[in-house]
Amino acid sequence: MKINKVVVIGSGTMGSGIAAQLCNANVPVTLLDLTTEISEKARERILKSRPPLLVDKSKINNINVGNINDNFNEVGEADWIVEAVVERIDIKHNIYEKIFKERKKGSIVSSNTSSIPIKVLSEKLSNEEKKDFCITHFFNPVRYMDLLEIVKNENNDLEQINSLKNFCEKDLGKGTLICNDTPGFLGNRIGVYAMQVAMTEAFKMKLTIEEADAVFGRPMGIPKTGVFGLYDLIGIDLMADVLKSFIKELPESDDFQVVAKEIPLVKKLIETGYTGRKGKGGFYRMNKTDGKKVLEGINLETGEYSISHKFNLGSEKMDIVNLINRKDKYGEYAWSVLSKIIKYASSLVPGITDKFNDIDEAMRLGFNWSKGPFEMLKEIGVKNFFERLDNFENNKFLEDLSKSKDENFYGERQQYTDLETLGKIKPKALKLDKNNSAEIYRFNDFNIVEFTTKANALDYDSMDSLKNATDKPLIIINEAMQFSAGVNLSYTMNFADKGDFKSIEKFVKYFQETCKHLKYSKFPVVSAPSGLALGGGFEVLCQSNFVASHTNIVVGLVETMVGLIPAGGGCKEMLWRWSQTEEAKNDPDYAPLKVFDIIGYAKTATSPIEAEPLKYLRPEDKKIMSRNSLLSVSKEIIQQNKDFTPPNEVSFNLSGKKVYEKMIQMLEKLYNDKIILDHGMEVGKELAKVLSGGDTTLEHTLSEDDLYKLELDAFMKLIETEKTQDRIKHTLATGKPLVN
């Protein structure tokens with residue numbers, strides 16, 4: 001079955017998100033609601049959404065809008081009809097009656113429900129109609145959350161279901177799991193349970209919310225919001241409704257019932273309007289003290305707020321074994337939470353799925369965990385786990401494992417997809433090297449470098465791995481959320497605080513040497529970004545020979561925000577790319593001025609399509625909807641370039657003082673209009689020196705090394721200033737830029 005046209009009924013958050021993702025995949029979609037006006041407003045919201053739901057605004061042309069009275073005939077032309085209306089069963093049943101009267105034979109009908117069982121949704125359908133009916137549970141926001149759960153019923157045409165799965169995986173870019181019809185399916189059943197365990201254990205052990213979030217966060221491979229921060233983000237009242245749904249659907253004997261019980265403090269927060277970020281606050285709130293905004297956290301015992309101080313656990317690096325082995329209350333809390341999550345998840349096998357690996361994938365794809373509960377069990381070790389575990393009665397999975405004592409119980413990862421992913425090949429690959437920041441794998445006849453730091457920030461070790469991996473064709477790729485958020489600013493500031501600027505200069509030089517080495521390596525280098533590819537991360541990407549980019553990227557040179565300029569070849573590469581345009585051939589100052597504008601304003605692109613006009617990406621760079629396809633596309637690039645020859649070194653002819661003065665005029669206007677302040681002016685001047693070519697004329701040819709030298713000199717001059725250091729410290733502390 002080929003899906004050429006889709007109708008989405010219901011233009012709320014989820015319906016709009018699904019419609020937008022279909023637009024991104026160039027699939028014509030009709031969005032229907034009670035009135036055309038409602039659908040049109042949804043279309044406008046899609047167009048203006050932040051973060052953007054569309055990979056490019058022109059994609060909105062793939063969507064038509066209408067209403068369920070005048071335009072329902074559209075259903076008859078659709079290959080797939082998605083119902084995304086309010087979670088009321090009577091309304092859904094009425095919609096299905098209309099759909100099945102209108103639809104064409106063989107078209108798929110699905111509901112985007114997150115909680116209503118398929119047996120309830122389909123109870124009024126005939127057996128013939130049930131063949132083509134399923135649940136397609138997308139996670140919000142649809143563009144950015146990888147998980148899609150397809151819930152089947154006993155009557156389904158499995159060929160039809162698999163056809164839908166393949167479309168959603170390859171065309172829509174979703175990690176698609178097929179689930180049984182059980183409450184909460186896979187992701188929410190385990191994810192919500194995990195949140196409740198983390199919360200109830202924090203109350204029981206008298207931890208502060210900051211302590212709990214520090215443990216149930218990055219050290220466990222869980223996003224930094226932790227549990228209380230995530231509760232606030234989702235909405236405390238919404239979570240209460242979710243729990244009521246689970247309490248209603250699950251048997252009283254289910255362990256979920258224990259952790260889902262109402263907590264008096266949570267009830268009080270909801271009653272007083274403290275429903276999380278959308279309300280007056282939640283477990284955390286912003287308050288004003290002496291005219292300044294201050295983050296406060298609640299005391300779980302008294303319900304009183306006080307200034308929130310980030311708790312330092314000692315390390316944010318994921319290390320489950322050391323975490324649970326700590327001889328303090330944090331180790332005790334970590335073990336209590338993790339062991340309960342593992343026990344609960346394993347107790348549901350094979351009830352919710354006969355592939356326990358799929359539970360891990362659901363947590364990775366839907367909740368951004370680095371590892372699911374079964375991978376955590378594998379990391380802890382079977383012997384160690386059972387030595388500490390109290391009881392596991394009526395848990396067949398753990399009973400069998402305790403008897404077999406099989407440390408290699410896990411088997412293959414990512415069984416839900418036929419695609420050859422990084423997660424699948426890593427266990428088979430030869431691990432060549434590992435340091436604190438990256439790992440090098442050899443697979444067949446090519447190497448893989450995977451960054452492993454927080455946000456994959458780059459340092460000396462990262463560069464070491466890249467440089468050491470070019471003895472074969474190289475793919476730079478990872479499983480983390482980000483390709484690389486740039487150079488590790490904390491690493492840089494550690495030297496700056498000691499006044500050790502020689503070490504910073506040495507690192508930047510090595511960064512430059514490594515990037516140049518990648519560009520002119522004997523073998524092809526492919527970067528396969530997903531997520532953030534900013535600053536130094538972009539400089540690695542743009543000096544690779546080939547790029548295979550996921551559609552969900554944020555790419556750009558943002559160094560000016562922290563009082564620096566790109567110094568790993570970013571200025572040089574952007575200058576070269578813009579100098580190849582027709583406009584630059586007629587005007588030698590065109591490229592420097594264009595790049596001055598792009599880097600000066602720290603412009604970013606939120607998709608490959610947005611990146612191309614800025615020349616962050618080139619037309620020949622691959623743009624891929626499915627993240628799971630990044631490795632296979634990268635491999636194809638290598639196979640197609642077996643006779644690869646490195647590019648020729650490039651050179652530059654820049655007008656020096658002439659274009660520098662034009663840039664200064666632009667800066668002075670911004671300064672006079674108070675768009676930039678004193679230090680912004682200084683940063684702009686240093687950027688202008690680099691992009692103008694310094695002390696040069698059009699008759700003088702500059703090499704790439706000359707440009708690298710200009711970048712390095714400007715970077716070092718700025719990093720030594722107190723105001724740049726203030727910017728960096730402010731950004732590290734708050735995540736926001738400082739204008740000074």
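Do you know which of the residues in region 2-22 that are touching a strand residue (DSSP E or B) at 6+ places or on another chain (Cβ under 6 Å) and β-branched (Val, Ile, Thr) is farthest from Leu47 (Cα to Cα)? Looking at residues that are touching a strand residue (DSSP E or B) at 6+ places or on another chain (Cβ under 6 Å) and β-branched (Val, Ile, Thr), I get Ile3.
One line per residue, one yes/no per condition, for (1) exposed (fewer than 11 other Cβ atoms within 10 Å of the Cβ); (2) at pLDDT 95 or above; (3) not assigned by TED's automatic domain parsing to the domain that holds Met199:
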| position | (1), (2), (3) |
| --- | --- |
| Leu269 | no, yes, no |
| Lys293 | yes, no, no |
| Leu300 | no, yes, no |
| Glu304 | yes, yes, no |
| Met318 | no, no, no |
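Quick one: would you say Ser370 is part of a helix (DSSP H, G or I), of a type in the set (Ser, Thr, Tyr) and either within 29 Å of Met199 (Cα to Cα) or at pLDDT below 95 (or both)? Considered against the rule, which asks whether it is part of a helix (DSSP H, G or I), of a type in the set (Ser, Thr, Tyr) and either within 29 Å of Met199 (Cα to Cα) or at pLDDT below 95 (or both), Ser370 comes out as no.
Note on region 266-302: residues that are in contact (Cβ under 8 Å) with a residue 40 or more places away in the chain and either touching a helix residue (DSSP H, G or I) at 6+ places or on another chain (Cβ under 7 Å) or among the hydrophobic types (A, V, I, L, M, F, W, C) (or both) total 9.
Counted as qualifying within region 584-676 are the helices (runs of 4 or more DSSP H) with 1 or more residues that are in the same structural domain as His517 (by TED's automatic domain parsing) and under 30 Å from Lys472 (Cβ atoms), namely 608-614, 630-640. Between Leu207, Leu238, Leu265, Leu230, the distinction of being among the hydrophobic types (A, V, I, L, M, F, W, C), assigned by TED's automatic domain parsing to the domain that holds Ser306 and in a loop (DSSP other than H, G, I, E, B) belongs to Leu207 only. A single entry from Phe495, Phe483, Phe538, Phe511 fulfils the requirement of being farther than 23 Å from Pro737 by Cα and not small (Gly, Ala, Ser): Phe511. With a requirement of 3 or more residues that are of a type outside the set (A, V, I, L, M, F, W, C) and modelled with pLDDT of 95 or more, the strands (runs of 3 or more DSSP E) lying completely within region 24-88 that satisfy it span 63-67.
Residue-wise test of (1) buried (at least 22 other Cβ atoms within 10 Å of the Cβ); (2) not charged (D, E, K, R).
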position	(1), (2)
Leu148	yes, yes
Leu158	no, yes
Ser163	no, yes
Ile190	yes, yes
Ala198	yes, yes
Ala212	yes, yes
Arg218	no, no
Leu233	no, yes
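Checked against (1) part of a loop (DSSP other than H, G, I, E, B); (2) under 29 Å from Lys371 (Cα atoms); (3) of a type outside the set (Ser, Thr, Tyr), Lys278 passes all but condition (2).
Just checking, does region 699-713 include any residue being assigned to a loop (DSSP other than H, G, I, E, B) and surrounded by 18 or more Cβ atoms within 10 Å (Cβ to Cβ)?
Initially, region 699-713 is screened for residues assigned to a loop (DSSP other than H, G, I, E, B), giving 699-701.
Adding the requirement that they be surrounded by 18 or more Cβ atoms within 10 Å (Cβ to Cβ) leaves none.
No, because not a single residue in region 699-713 is assigned to a loop (DSSP other than H, G, I, E, B) and surrounded by 18 or more Cβ atoms within 10 Å (Cβ to Cβ).
Here region 172-184 is the region considered, the condition is being modelled with pLDDT of 95 or more and part of a loop (DSSP other than H, G, I, E, B), and the residue that is surrounded by the most Cβ atoms within 10 Å (Cβ to Cβ) is Lys174. In region 462-499, the qualifying residues are those that are over 30 Å from Thr721 (Cα atoms) and acidic (Asp, Glu), and the one that is surrounded by the fewest Cβ atoms within 10 Å (Cβ to Cβ) is Asp471.
The values are calculated or read from the model by the stated rules, or taken from the named source; none is laboratory data. Just so we're clear, the structure is a prediction, and the values are computed from it rather than from any experiment. All Cβ positions, even for glycine, are placed from backbone atoms using ideal geometry, and neighbour counts span all protein chains on display.
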